[in-house]
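Accompanying notes for the structure given below.
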Amino acid sequence: MHRIFDIYKSWPKVTIHSEIYTLILSLYISTLLNQKLWAQLSDIQTDQSLTNQAIFGLALFVLLTTLNYWILSLISWGRSQKIVLVLVTLAVASAAHFSNTYDVHYDTSMMANLLATDYAESRELLSWRWLWSVWIYSVPVVLLGLSTRISKLTVTRKVTHKLIGVSATLVLSLMCLLPQLKTFTSVMRNHHDLRHYAIPVSMVVSGIRQATVLKAVPAEKLVKIGEDAQYQAPVDKKNELMVIVVGETVRAANWGLSAYSRDTTPLLRKKDVINFPYAVSCGTNTETSVPCMFSVYGRENYSERKIKETQNLLHIVHKVGFGVTWIDNQSGCKGVCAGLEFVDAKKFSDPKDCFEGHCYDSNLLSALEWSIDHQAGNQVIVLHQIGNHGPAYYKRYPENHAFYQPECRDTNLDRCSKESLINAYDNSIRYTDKLLSGVIDLLEKQKNKNVSMIYVSDHGESLGEKGVYLHGMPYAIAPKEQKEVPMMFWFSEQYQKTYAKSVACLKQQSKDPAHHDHIFHTVLGLLNIQTASKKQEMDLSQVCHG
C-alpha cells in the first residue's frame, strides 16, 4: 500500500482547476461512455444529410456534456473530488457496458429493477467481460487523476466558480440547441426512448423519479378496497384451495402448449389444463408486472404509485376469511403480500439444490405441501418462481435436466450460438413443466376440496432478436417477446363439478387474447367472491354469462 502511495506522490502532476477537471470527465463520459446513444441517433437520422446529422449531433453532444457536468460538479467537492469522480466513472462505465451488451434502457422501471436487485441476481451479470469493459473505460480517468493536482480554493471561490461553470455551460447549450429546437423536439417526440440511453443523466432522472414511489407502504396504511367483498360458499360446502404460480421470464413463443415447434411442456400436455397461448403482460420486468397483475388498476389504468399504495387481490381474498400465503423462491413479493403470510422457499431446499444465493424451484413443491397441511379452511397460496431468470438460464435446472444440447453456459449471451442459447432457455421451461406437473399431482390428492391452479409468467424475454437480450425495455417499445407470456389454468374434478359453468366459460375464452389485467377479476370469480371492485367483463370465468 505504501508503495502505491509513493508512486502516486512521485507521479509528475499538472495543477488544474477543479471545474476544468470536472469538464474533462464530462466530455469523456459524453464521448466514450455514450456510444449506444450515438449509434441510436445515427440509426434514426438516416433521412438527414450528413451535414444536418453532424450539426444536430453536435448540439445534442453539448447538451449532454452540460448535463453531465452539472451532475458531476454537484457531487464533487474538496479533497474527495478525484475519488468521487473515479467511482462515478466506474458506475457509468458499468452502465455503459450493459447498455452496449444487452440494449438496456435506463428508464424508471429499469431503475426500479436495479434498486430492487439482490446480490445473487446481480452477480450473474458481473462477468470477466464486464470487469474488462469497466477497467478499459476507467484507465484514462485513473491516468488523469494521477497526472493532475487540483488547485486549492476557498469554499466561497469554489461555489463561485461552480456557479460560473453552470451558467457558462447553460448559455453554450442554449446557443447550440435553440437553432435545432424544432429538430430536437421532433426527435424526442418520435423517439422518446432515446433519452434513456443518455448516461448518467437518464439514470439520475429515472432514479429520482423512482425513489418517489419506491418506498414500501406498511400494510395498515394501504388504501383499502373491496370492503364490501363477500364469499358465497358453494352448495357442497367444500373448502376452496387455489394455487397461483407466478412464473419468471417465460415467453409465450417458447411455451410448448402454445404451438411452439419444440415440446417444452410434455408433462403438462398430459394434464387437463386450459391454456391461453398468448397473454399480454403488464410490464417487462418483475418489479412492474408482479404488483400490477394483482392490482385492481392493471395496465389499463396503470399508476405505479397507486398500485404500491393500494390493497390488492390478495388482501380482498384475505378479508373474506381465506388463508393467504406467499411462498417465494425469488427476490420477494414486491409489496404484494404486505401484511400477509410470507414464506421463504429456500428453507425447504435441499442444500445441494442451492448455490450462489439461488435454489432450484423444486423447493416450492415442498413448501406448498407444508402450507396445505399447515392451514385449515379456504386457502390461496402463491408460488413465486426463479423460473427462467437470466442471463444464467443453465443455472435454473440440474444438469440431469439439460434435455437440449449444446446449452449456453455463458452469461455474456451474445457469445453463445443462437441454438445453444435457446437450448438453455428451453431447458429452464422444461424444469418449470416438471414443477407445475408436480403441483397438479399434489393438488389432485385434495379430494375433499374445490381445487384450482393458475400459472402465469410475469413477463417474457428477448433471446437475441434484433440484437436485444433479456428484458426490461420501456413498455411502449418493447418487442412482443418481452410482453407475450403463457397463462394456464387447471381444476380438480370436484371443482369442475361445483363450478361447471365457470370452467366451461374459461375454456371458451381461451381462444381469445388475454392479459394480466384479467387476473384480478378472474381469480375473484373463480373463488366466488363478489365485490364492487370486480368487473364482470374482465372475469374470464363469468363473461360468457352476461
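Rule-based calculations on the coordinates, nothing more; no lab input. The model shown is predicted, which means the values in this text are computed figures rather than measured ones. A quick note on method: Cβ atoms are made from the backbone with ideal geometry, for glycine too, and the neighbour counts reach across all protein chains shown.
Hydropathy first: keep DSSP H helices in the chain averaging at least 0.5 on Kyte-Doolittle, then drop any whose Cα extent along the axis falls short of 24 Å, and list what survives. Walk me through the intermediate numbers first.
Values: long enough: 50-75 (37 Å, 1.59); 81-102 (31 Å, 1.10); 128-147 (28 Å, 1.14); 155-177 (33 Å, 1.17); 418-443 (38 Å, -0.03).
TM-like helix candidates: 50-75, 81-102, 128-147, 155-177.
Between the alpha-carbon centers of the stretch 209-259 and the stretch 276-319, tell me the distance in whole angstrom.
Here the answer is 8 Å between Cα centres.
Could you tell me the calculated FRET efficiency between D512 and A476, based on Cβ-Cβ distance and R0 = 30 angstrom, to the nearest 0.05? Write out the running numbers ahead of the final one.
Values: r = 24 Å, r/R0 = 0.79.
The value I calculate is 0.80.
Work out the count of Lys pairs in the stretch 2-214 where the Cα-Cα distance is under 20 Å, with the pair 8 or more places apart or on different chains. The partial results should precede the final answer.
Working: K9/K82; K9/K152; K13/K82; K13/K152; K82/K152; K82/K158; K82/K162; K152/K162.
Number of lysine pairs found: 8.
Skipping prolines and chain starts, which residues have an amide H placed within reach, meaning under 5 Å, of the one on I16, given they are 5 or more residues away or on another chain?
Here the answer is R149, I150, S151, since their amide H atoms fall under 5 Å of that of I16.
For K352, list the lysines whose Cα falls under 24 Å from its own Cα; do not include residues on the same chain fewer than 8 positions away.
Partners within reach: K395, K434.
Gain in length, S122 to L58, computed as 0.36 nm per residue apart minus the alpha-carbon separation, to one decimal in nm? List each step's numbers first, then the result.
Values: separation 64, 0.36 × 64 = 23.04 nm, distance 3.56 nm.
Residue separation times 0.36 nm, minus the Cα-Cα distance, leaves 19.5 nm.
To make sure I understand the rule: partners must be aspartates and glutamates, Cα under 12 Å from the Cα of K224, and not fewer than 8 residues away in the same chain. Which ones qualify?
Leaving aside aspartates and glutamates fewer than 8 places away in the same chain, those within reach of K224 are E309.
Given the C-alpha centroids of the stretch 18-33 and the stretch 127-141, what is the distance between them in whole angstrom?
17
Mind checking which aspartates and glutamates have their C-alpha under 17 Å from K270, skipping anything on the same chain fewer than 8 residues away?
D433, D441, E444, E493
Given H placed 1.01 Å from N in the peptide plane, which residues other than close sequence neighbours of F276 have an amide H under 5 Å from its amide H?
It is M487, M488, F489, by chain and number.
Taking the stretch 24-140 as the region of interest, what is the percent of Cα-Cα pairs per 5 angstrom bin, listed from the shortest bin to the one with the maximum distance?
In order of increasing distance, the bins hold 2, 10, 17, 20, 20, 16, 9, 4, 2, 0 percent.
In whole angstrom, note down how far apart the Cα centers of the stretch 480-497 and the stretch 74-95 are.
One Cα centre to the other: 49 Å.
Within the chain, what percent of beta bridges assigned by DSSP are antiparallel, to the nearest 5?
Numbers: 17 of 48 bridges.
Close to 35 percent.
Amide H to amide H, which residues 5 or more places from N239 or on other chains are under 5 Å from it, using H placed in the peptide plane?
N450
Projected onto the charge dipole of the chain (+1 at Lys/Arg Cβ, -1 at Asp/Glu Cβ, origin at the Cα centre), which of H196, G390, I477 gives the Cα projection farthest towards the positive end?
Most positive-ward Cα: H196.
May I ask for the equivalent-ellipsoid semi-axes of the stretch 2-214, computed as the square root of five times each C-alpha gyration tensor eigenvalue and listed largest first in whole Å? Spell out each step's value before the answer.
Numbers: eigenvalues 169, 116, 58 Å².
One finds semi-axes of 29, 24, 17 Å for the stretch 2-214.
Given +1 on the Cβ of Lys and Arg, -1 on the Cβ of Asp and Glu, and no further charges, what dipole in debye does the stretch 2-214 carry about its Cα centre, rounded to the nearest 20?
On the way: 17 positive and 10 negative charges, 214 e Å.
Result for the stretch 2-214 is approximately 1020 debye, rounded to the nearest 20.
Run the helix sum for the chain: -39,500 (n - 2.57) per DSSP H stretch of 4+ residues, divided by residue count, reported at 222 nm to the nearest 500 deg cm²/dmol.
-14500 deg cm²/dmol
Quick one: if you stick a label point 7 Å off each Cα along the C-beta vector at H401 and L146, how many nm between them?
Going by the 7 Å Cα→Cβ label model, 4.9 nm.
Explain nothing, just the number: dipole magnitude of the chain about its Cα centre with +1 on each Lys and Arg Cβ and -1 on each Asp and Glu Cβ, in debye rounded to the nearest 20.
Working: 55 positive and 50 negative charges, 339 e Å.
Its charge dipole is roughly 1620 debye.
Along the charge dipole of the stretch 2-214, which of S30, Y102, F56 sits closest to the positive end, that is, farthest toward it, with unit charges on the beta carbon of Lys, Arg, Asp and Glu (+1, +1, -1, -1)?
Of the listed residues, the answer is S30.
From the residues T66, A211, V155, which one has its Cα farthest along the dipole of the stretch 2-214 in the positive direction, the dipole being from +1 and -1 charges on Cβ of Lys/Arg and Asp/Glu about the Cα centre?
Farthest towards the positive end: V155.
Stretched out fully, how many nm does the piece from K418 to Q530 gain, at 0.36 nm a residue minus the Cα gap? Before the final figure, lay out the partial values.
Numbers: separation 112, 0.36 × 112 = 40.32 nm, distance 4.84 nm.
Full-extension gain reported as 35.5 nm.
Would you please put 133-145, 454-466, 523-535 in order of how densely packed they are, using the mean number of other Cβ atoms within 10 angstrom per residue and starting with the highest? Can you show the working numbers first?
Details: 133-145: 15.9, 454-466: 22.5, 523-535: 20.3.
Most protected by this proxy first, the peptides run 454-466, 523-535, 133-145.
Which of the residue pairs K480/K535; K447/K507; K483/K507 have a Cα-Cα distance greater than 25 Å in the structure shown? Each step should come with its number before you reach the end.
Details: K480/K535 27 Å; K447/K507 23 Å; K483/K507 23 Å.
Distance filter (> 25 Å) returns K480/K535.
Restricting to DSSP loop positions (anything but H, G, I, E, B) with no more than 15 other Cβ atoms inside 10 Å of their own Cβ, which GluC sites (Glu not before Pro) remain in the stretch 253-333?
Details: sites: E287, E300, E304, E309; in loops: E300.
Of the GluC sites (Glu not before Pro), the ones in loops of the stretch 253-333 whose Cβ has at most 15 other Cβ atoms within 10 Å are E300.
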